[in-house]
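A.B. asks: Pasting a structure below so you can have a look.
Laboratory data are not the source of any read-out in this text; all were calculated from the coordinates shown. Nothing here was measured: the structure is a model prediction, and the numbers come from that model. Note that we place each Cβ from the backbone using ideal geometry, even for glycine, and neighbour counts take in every protein chain shown.
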Amino acid sequence: MSYVIPPPTQPSVPVQGQSDTFPVHRIYCVGRNYEDHAKEMGHSGREAPFFFMKPADAVLVVAAGQTAVMPYPTLTTNLHHEIELVVAIGVGGSRIKAADAHHHIYGYAVGLDMTRRDLQNDMKKLGRPWSISKGFDHSAPIGAITPARQVPNIAQAAIYVQVNGQDRQRSVVSKMIWNIAETIEQLSIAWTLQPGDLIFTGTPEGVGAVARGDQLQGGIDGLQPISVRVD
Ligand code: MN
């Protein structure tokens, strides 16, 4: 088998403690999955989960102990950070029951769902797709994946992001409206999950803008923290 043009490079994410990497198939994202974030966005906080996607090659790998550089995207003057727990799917499936969801999880990582908030607000008003506000190049900074067995208490973990050393978002994963297992159950009704899928599980309150030169430090208990500089 050969191709008429060079095939695209397989996007992948490092895995803690080993040289083999995790190939990315799709990136799913959950909207408004922490009550206080839903409220800050003008919603009641209780609604069925909804999903959007980023392209697999939107990942911006943040290597352990290093600072990744994210180019400030075009078309926006209001680039927002959303710190999120990322679930990496190792075993695919459809109509996965919440009780079985843990069998499908390979591991977890710290991610940022970077958002062109001005464009997202425009698209909401116009009833247009969010893609341009969520799925742009480098919009998914992510640290190394830690295998699930090494983080048994992920559901209770603290999650935070600082900008230039100041707290912007700080919460706990247990405040998710739809927990990890319920999210997998709902998502796998809409799409057949595949090995290599990443799920950004939503962000807590405190989202805000970053500017060129800002330094973001994000973390979740038990996972590799991430450092990103906006350039
Ligand atoms: Mn998000």
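Per-residue answers, yes or no, for (1) charged (D, E, K, R); (2) within 17 Å of Asp137 (Cβ to Cβ); (3) within 16 Å of the ligand (Cβ to nearest atom):
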site	(1), (2), (3)
Ala58	no, yes, yes
Val62	no, yes, no
Tyr72	no, yes, no
Leu79	no, yes, yes
Ser94	no, no, no
Ile105	no, no, no
Leu119	no, yes, yes
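A.B. asks: Looking only at the range 32-50, which residues are within 22 Å of Gly143 (Cβ to Cβ) and either of a type outside the set (Ser, Thr, Tyr) or surrounded by fewer than 17 Cβ atoms within 10 Å (Cβ to Cβ) (or both)?
C.D. replies: Those that are within 22 Å of Gly143 (Cβ to Cβ) and either of a type outside the set (Ser, Thr, Tyr) or surrounded by fewer than 17 Cβ atoms within 10 Å (Cβ to Cβ) (or both): Asn33, His37.
A.B. asks: Show me the strands (runs of 3 or more DSSP E) entirely contained within the range 15-100 in which 1 or more residues are free of Cβ contacts under 8 Å to residues at least 60 places away in the same chain, at negative phi and not hydrophobic (A, V, I, L, M, F, W, C).
C.D. replies: Passing ranges, in order: 18-23.
A.B. asks: Let me ask another. Testing Asp137 on (1) in a strand (DSSP E or B); (2) surrounded by fewer than 21 Cβ atoms within 10 Å (Cβ to Cβ); (3) within 15 Å of the chain's Cα centre (by Cα), one condition comes back false. Which one is that?
C.D. replies: Failed condition: (1).
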